[in-house]
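Trainee: First the structure, then my questions, so here it is.
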Amino acid sequence: KAAASGKHVSVLVEIKARFDEEHNMREARKMEQAGCFVTYGSGNIKTHAKMMMIVRSKDESVTRYVHLSSGNYNEETAKSYTDVSLMTTDEAYAHDVAEFFNAITGHSLPQRYNIITAPLNTRKQLTALIRQEAQSAREGLSSGIVLKVNALEDEAIMEELYKASQAGVPIQLIVRGICCLRPAQAGVSDNITVRSIVGTFLEHARIFYFHRQGDPQVYVGSTDMMLRSFEARIESLFIIKDPVLRQQVINLLTYDLRDNANAYLMHEDCTKVKVKPQGEPIFNIHKAFFHVTLEEVMQARLFT
C-alpha cells in the first residue's frame with residue numbers, strides 16, 4: 001500500500017527461511033509488483049536480523065522511526081511466540097539501522113555502528129562482556145550474567161562461561177532448546193544454572209544481561225549462541241538504553257527465573273527435571289506478564 005501510494009519502499013526478504021521459502025517468494029513478488037525495491041539476502045549467508053525504519057518528512061523536518069526486534073514480521077507466529085522489540089525515534093538507533101541496511105544491501109561498506117552484528121563481531125563482543133564480569137568477580141566486585149536464548153552450543157562461548165563461573169560469576173542461563181553446556185560441575189560450572197521455559201507460548205526472545213557492578217548492560221536481538229549464528233548468518237543485537245525499558249526487560253528475566261509452572265531445570269548429567277512449587281504460590285510467566293505493574297518493573301533486580 002505504501003509503494004502504491006508513491007512512497008519509496010525497500011525490503012530485504014530472506015528466501016532461506018525454514019518452512020517459509022515458498023510463502024516468502026510469493027510475498028516478495030507481490031511487493032515487487034506493487035513497486036517495492038526487493039532484495040533477496042546476501043549470498044550464502046542467511047539474513048536473520050529483524051529491523052525496520054520508516055522515514056517521515058513533515059514541515060521541512062525529517063523523523064526516522066526505527067523498530068528492532070528478536071522476532072520475525074510474521075502475523076501467525078506473533079500469536080504464539082514471546083519476543084521483545086523496541087520502537088524508537090532515537091537518532092543513534094536510526095543511524096545504526098541505516099548503516100546496517102546500506103551494508104547488507106550492498107550500497108556501502110560497513111561503517112562503525114553500535115549494533116552488535118554477526119558475522120562481523122558478535123562472538124568477539126559477547127566474549128569481551130563475559131570476560132568483564134569475570135574480571136569483576138576476581139576483584140571481589142559484584143558481577144552476574146543472565147542469558148536467555150533459544151540454543152547454546154558455541155564451544156568458544158561455553159568455554160568463556162565456564163571460565164567466568166570459575167572466577168566466581170553467578171550465571172543464570174534460560175535456554176529453551178539445545179544446551180550443550182553442563183551446569184553444576186564441581187570446579188568447572190559450580191556457579192551456572194540452566195533452565196528452560198516450555199508453556200503456553202514459545203519462548204523466542206534473545207536477551208543478554210551483564211551486571212557491570214550494578215550498572216547493567218542489556219542487549220536484545222536475533223542472535224542465538226550457535227556457531228551458525230556467529231559465522232553463517234547476518235544477525236543483530238541492540239542495547240536497551242532507556243532506564244525504564246531496560247527495567248522492563250530485566251523484569252522479564254526475573255519472571256523467567258521465578259517461574260515454577262513452565263520451568264525445567266537442567267542437572268549436571270544434562271537431564272531436565274520439571275520445577276515444582278516448594279511451598280510457594282504457583283508463578284506462571286505466561287499468565288503473570290499480562291498483569292505486570294510499573295512498580296514491580298522498577299523494583300526488579302537480578303543481582304545485588
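No lab work stands behind these numbers, since they all come straight from the coordinates. Being a predicted model, the structure only gives us computed values, none of them experimental. All Cβ positions, glycine included, derive from the backbone under ideal geometry; neighbour counts span all protein chains shown.
Trainee: Within the stretch 136-173, list the GluC sites (Glu not before Pro) lying in a DSSP loop whose Cβ has at most 16 other Cβ atoms in a 10 Å radius. Walk me through the intermediate numbers first.
Mentor: Details: sites: GLU139, GLU153, GLU155, GLU159, GLU160; in loops: GLU139, GLU153.
Hits after loop and neighbour filter: GLU139.
Trainee: Where in the stretch 120-157 does the label zone of GLN185 land, with the point 7 angstrom along Cα→C-beta and an amide N cut-off under 15 Å?
Mentor: Under 15 Å, as judged by backbone N against the label point of GLN185, lie 153-157 of the stretch 120-157.
Trainee: So which residue, out of LYS50, LYS163, LYS287, gets the largest mean-square fluctuation from a GNM of the chain using Cα contacts under 10 Å as springs?
Mentor: Greatest mean-square fluctuation among the candidates belongs to LYS287.
Trainee: To continue, here is another question. If we restrict to alpha carbons, what Rg and Dmax does the chain come to, in Å?
Mentor: Expressed in Å, the Cα Rg and Dmax of the chain come to 20.3, 65.
Trainee: What value, in deg cm²/dmol to 500, does the helix sum -39500 (n - 2.57) over DSSP H runs of n ≥ 4 give at 222 nm once divided by the residues of the chain? Could the numbers behind the result be given before it?
Mentor: Numbers: 8 runs with 89 residues, N = 304.
Estimated from H runs of four or more residues: -9000 deg cm²/dmol.
Trainee: Report ³J(HN,Hα) in whole Hz for each residue of the stretch 159-165, in order, from the Karplus equation J = 6.51 cos²θ - 1.76 cosθ + 1.60 where θ = phi - 60°; Gly and Pro get x.
Mentor: Result, ordered by residue: 5, 5, 5, 4, 5, 5, 4 Hz.
Trainee: Quick query: amide H of THR82 versus all other amide H atoms, modeled in the peptide plane; which residues come in under 5 Å with a sequence gap of 5 or more or a different chain?
Mentor: Here LEU202, GLU203, HIS204, ALA205 satisfy the definition.
Trainee: If packing is taken as the average number of other Cβ atoms within 10 Å across a peptide's residues, how do 273-282, 197-206, 21-30 rank, most packed first? Please list the in-between numbers first.
Mentor: Numbers: 273-282: 9.2, 197-206: 18.6, 21-30: 12.9.
Most protected by this proxy first, the peptides run 197-206, 21-30, 273-282.
Trainee: In the chain, with Lys and Arg counted as +1 and Asp and Glu as -1 at Cβ, which of these residues, VAL194, ALA34, ILE171, has the Cα nearest the positive end of the dipole, that is, farthest along it?
Mentor: ALA34
Trainee: Then there's this: Once fully extended, how much extra length lies between VAL244 and ARG301, figured as 0.36 nm per residue of separation less the alpha-carbon to alpha-carbon distance?
Mentor: On the way: separation 57, 0.36 × 57 = 20.52 nm, distance 1.29 nm.
That works out to 19.2 nm of additional length.
Trainee: Pairs to check: LYS46/LYS241; LYS7/LYS241; LYS241/LYS287; LYS30/LYS50; LYS50/LYS241; LYS79/LYS148. Give those whose C-alpha atoms are more than 24 Å from each other in this structure.
Mentor: Details: LYS46/LYS241 28 Å; LYS7/LYS241 31 Å; LYS241/LYS287 27 Å; LYS30/LYS50 20 Å; LYS50/LYS241 19 Å; LYS79/LYS148 20 Å.
Violating the 24 Å limit, Cα to Cα: LYS46/LYS241; LYS7/LYS241; LYS241/LYS287.
Trainee: Right, here's the next one. GNM, the chain, Cα, under 10 Å: largest mean-square fluctuation among GLN185, GLN213, GLN33?
Mentor: Checking each option, the largest mean-square fluctuation is seen for GLN33.
Trainee: Quick one: net charge around MET31, please, counting Lys, Arg +1 and Asp, Glu -1 for every other residue with C-beta under 13 Å from its C-beta. Write down the numbers at each step before the final one.
Mentor: Values: positive: LYS1, LYS7, ARG26, ARG29, LYS30; negative: GLU27, GLU32.
Spelling it out: positives minus negatives among the neighbours equals +3.
Trainee: Taking only Cα atoms and a 10 Å spring cutoff, compute GNM fluctuations for the chain and point out the largest among GLY106, GLY168, GLY41.
Mentor: Comparing GLY106, GLY168, GLY41 in the GNM, the peak value goes to GLY106.
Trainee: While we're here: If you keep only loop residues by DSSP, which trypsin sites (Lys or Arg not before Pro) in the stretch 84-160 have at most 15 other Cβ atoms within 10 Å of their Cβ?
Mentor: Numbers: sites: ARG112, ARG123, LYS124, ARG131, ARG138, LYS148; in loops: ARG112.
Taking the stretch 84-160 and a limit of 15 other Cβ atoms within 10 Å, the loop trypsin sites (Lys or Arg not before Pro) found are ARG112.
Trainee: Further question: Dividing the Cα convex hull volume of the stretch 46-125 by residue count, how many Å³ per residue is that?
Mentor: Values: hull volume 10.5 nm³, N = 80.
Here the figure is 131 Å³ per residue.
Trainee: Step through the residues of the stretch 53-68 one at a time and calculate ³J(HN,Hα) from phi using the Karplus curve (6.51 cos²θ - 1.76 cosθ + 1.60, θ = phi - 60°), rounding each to whole Hz and writing x for Gly and Pro.
Mentor: Ordered by residue, 3J(HN,Hα) equals 9, 10, 9, 10, 10, 8, 6, 6, 10, 10, 10, 10, 9, 10, 10, 10 Hz.
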